[in-house]
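Below is one structure, written out as structure tokens, with a few remarks after it.
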Amino acid sequence: MPLKRTEGSSRRQGRSKPFNALDLSDNPELLAAVVDTVHESLLVLDSELRVVLANRSFFNTFHARAEATLGHPLYEIDNCRWNTPSLKRLVEDVLPKEGSFEGFELSYTAPGSRNRVMELNARRLELGRGRQFLLLAIDDITERKRSNDALLRANAELSSFSYAAAHDLQAPLRIVKSYAGLLAKKYGSRLDAAAAGYIRFIQEGATNMEELIRSLLQYATATEPDPGGKMEIPLKNTIERVLTDLGALIKKEAAEITVGPLPIITAYPVQIRQLFQNLISNAVKYHKPGIAPVIQVAAKESPEEWIFSVRDNGVGIEPQYQDQIFEPLKRLHGREIPGSGLGLATSRKVAERHGGRMWVDSRPGAGSTFYFTIPK
Ligand code: ADP
């Protein structure tokens, strides 16, 4: 599509210098320069799939000669390396029907060089008098894929390491807890007040550590590459279960919770439950002193995704912390409100694991709304 000419549309230019956007169709030299300057390799094919235009990047990347490329069918150029069944299917079946395709990966091997991965985007063009062309943009994504794969591997190792470490810490902790309990039970009457206090500290410390380990295990599971077992979940049931599990806390704080209509989504059930549990328990925990929590859970639909929200009337969050709270172990509160600082980090990972996002909208003193999306 030619660029639109926009006259006098830029305020910054002032009145004396009207702004004229360039129209590529009036400037063939500019068009040729753009085509030759872009980093991606570009090919234009006619309706017989013959190459009618190739840019400089194509010739350089594939060490192709103009005379062996221009005018030749796509499947014959470059020693027939583009003659693959999947590319054929895309060019001959998908493109005529859909008009475009994006992100098609193709493995490409030139003699004496390593296997490379190319990403292809394509569009069907009709240029006057019904002449049909195909535009193919080819990007070498080998390095991007390699570093992405390395990152995924490193993340997977890290999450299984944290899972194993957290898991193995449970056994010695159980011993500390049970022997502290035995000490208190069997010898409590013979201990002075200070010694009884020390034992209580040990027990409290062990209970806090238990909570931290449980949160660490959740965090490690949320960052696992593929926990397996996505299924259809009626979220109404999920929330009912969460509210039952949080029953004691809700009752203690006299929280009033309303839940709007919720959809059925396809997701990892345990993770989604943890996510709602984290958001709702935070909404209850971080209430304003002396004011009972009022919380609304809701879902909104857009064409591509579900947008969920958990709104509270709590203490709110200062703007400078609204991003930091999603980092692991970041807490804005002290011991007076129990927590591990891993709930929101886990929840955001869960949303991202499902292809969604999570963010907060909050005003200190007025309350917070946590949002997350799940693609349909
Ligand atoms: P925690 O286990 O401490 O609750 P989270 O990761 O869930 O850990 O939350 C991180 C911090 O963000 C909390 O310690 C709290 O200071 C703040 N926070 C989370 N949710 C809310 C909320 N609804 N209102 C106010 N502050 C919140």
Among 25-33, 315-323, how do they line up from the highest to the lowest mean number of other beta-carbon atoms within 10 Å?
315-323, 25-33
Pick from Ala54, Ala255, Ala193: which residue has the top mean-square fluctuation in a GNM of the chain where Cα pairs under 10 Å get a spring?
Ala193
Through the Karplus equation 6.51 cos²θ - 1.76 cosθ + 1.60, θ set to phi - 60°, convert the phi angles of the stretch 342-351 into ³J(HN,Hα) values in whole Hz; use x for Gly and Pro.
10, x, 6, 4, 5, 4, 5, 4, 4, 4
Could you work out the relative contact order of the stretch 278-317, using alpha carbon pairs under 8 angstrom and six or more residues apart, expressed as a whole percent?
44 percent
Determine which aspartates and glutamates satisfy two conditions relative to Lys185: a Cα distance under 17 Å, and not lying fewer than 8 residues away in the same chain.
Glu204
Set of lysines near Lys97 by C-alpha distance (under 17 Å), chain-local residues within fewer than 8 positions excluded
Lys88
Projected onto their principal axes, the Cα atoms of the stretch 225-318 stretch, largest extent first, over whole-Å spans of 42, 28, 26
Determine the relative contact order of the chain: mean sequence separation of Cα pairs under 8 Å and six or more apart, normalised by residue count, in whole percent.
9 percent
Is the shape of the stretch 136-202 best called rounded, prolate or oblate, per the rule: a/c under 1.5 gives rounded, else a/b larger than b/c gives prolate, else oblate, with a ≥ b ≥ c the square roots of the Cα gyration tensor eigenvalues?
prolate
Cα-based reach from Lys349 at 12 Å (exclusive), listing aspartates and glutamates while leaving out same-chain residues under 8 positions away
Glu224, Glu327
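A short reminder: the numbers here are calculations on the coordinates, not readings from a lab. If you're wondering where the values come from, they're calculated on a predicted model, not measured in any experiment. Heads up, the Cβs are rebuilt from the backbone with ideal geometry, glycines too, and the neighbour counts pull from every protein chain shown.
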